[in-house]
Amino acid sequence: MNDRVRLSFSGGIADVRLARADKMNALDPAMFEALTGLLAELSAKEGLRAVVLSGEGRAFCAGLDMESFRGMSGNGSAGLNTRRLAERTHGIANKFQHIVWGWRELAVPVMAAVHGVAYGGGFQIALGADMRFADNDARFSVRETHWGLVPDMGGTQLMRHLAREDIVRELTYTARIFSAEEALAFGFITRIADDPRAEALAIARDIAGKSPHAIRAAKRLLNLACTAEPEPGLIAEANEQEALIGGANQIEAIRANFEKRAGIFAEVSA
């Protein structure tokens, strides 16, 4: 890990805080590295019963770092080494999908506490948790098409189990920002709470008081029940994203957003 993530451990509960508050916990290479290291540490943690995941400062996670998008507008690299996305580096996932799918694969329940915003990759990280609690002012977005991209961190495979297909399509195609009340109605969050982190910690303490063997067995069964062959979908996400990154229309999407104008996009050949 590095200074992007803070971890404390007490009573079997891992309290994980995204700690890039000055950037609304946006995802940069160091954050990806920190989350990857954290997941490895938690996977090997003795006595782990539950995890609470939240963000410091004004937001849960604002998605991919804006400087990465500026990098994409120039040469498509964004400093994130986004080539060969179809390569499976962590089981069925690539290295970017892993920081979302890894929460699902962790042996114990994970609670995400969302405040401020959870956009793009930040929204997908929250989706990787077993449960999501949000305050009434939280805002969400499947933000990727706004930047000429697609959700590629496991989001397509997780959203399909939570919300109706047409809702998932509308939010993905439009990239619009939606409220906590809408997120609850759609099925993306478990409930709205005045203090989502306190709520998540309370649930974690309840879980930590149960038989760890029973809880781990229950998570294995529930994962099996709700995850129908995710690997092809994860690979498809990676292939579609790899084809988009650095393309003329994706670069135009970024430039248009930074220049605060409508995008001028090339048409797709028939």
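Laboratory data are not the source of any read-out in this text; all were calculated from the coordinates shown. On a predicted model such as this, the values are computed, not experimentally measured, just so you know. Please note: Cβ atoms are built from the backbone with ideal geometry, for glycine as well, and neighbour counts cover all protein chains shown.
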When a/c is below 1.5 the answer is rounded, else prolate if a/b is larger than b/c, else oblate, so apply that to segment 161-240 with a ≥ b ≥ c taken from the square roots of the Cα gyration tensor eigenvalues. oblate
Long-range HN-HN contacts of ARG132 with modeled amide H, under 5 Å: ALA112, THR190, ARG191
Which of the chymotrypsin sites (Phe, Trp or Tyr not before Pro) found in segment 162-270 are in a DSSP loop and have at most 14 neighbouring Cβ atoms, other than their own, within 10 Å? PHE265
Net charge over other residues, Cβ less than 12 angstrom from the Cβ of GLU181 (K, R count +1; D, E count -1): -1
Longest to shortest principal axis, alpha-carbon extents of segment 5-258, angstrom: 54, 36, 35
Which value, in debye to the nearest 20, gives the size of the charge dipole of segment 5-258 about its Cα centre, when Lys and Arg are +1 and Asp and Glu are -1 at the Cβ? 420 debye
Under a crude label model (7 Å from the Cα following the beta-carbon direction), how far is GLU46 from GLU181 in nanometres? 5.0 nm
Most mobile of ARG49, ARG139, ARG70 in a GNM of the chain (Cα contacts under 10 Å): ARG70
Sequence gap of 8 or more, or different chains, plus Cα separation below 30 Å: how many lysine pairs satisfy both in the chain? 8
Taking Cα pairs closer than 8 Å and at least 6 residues apart, the relative contact order of the chain in percent is 21 percent
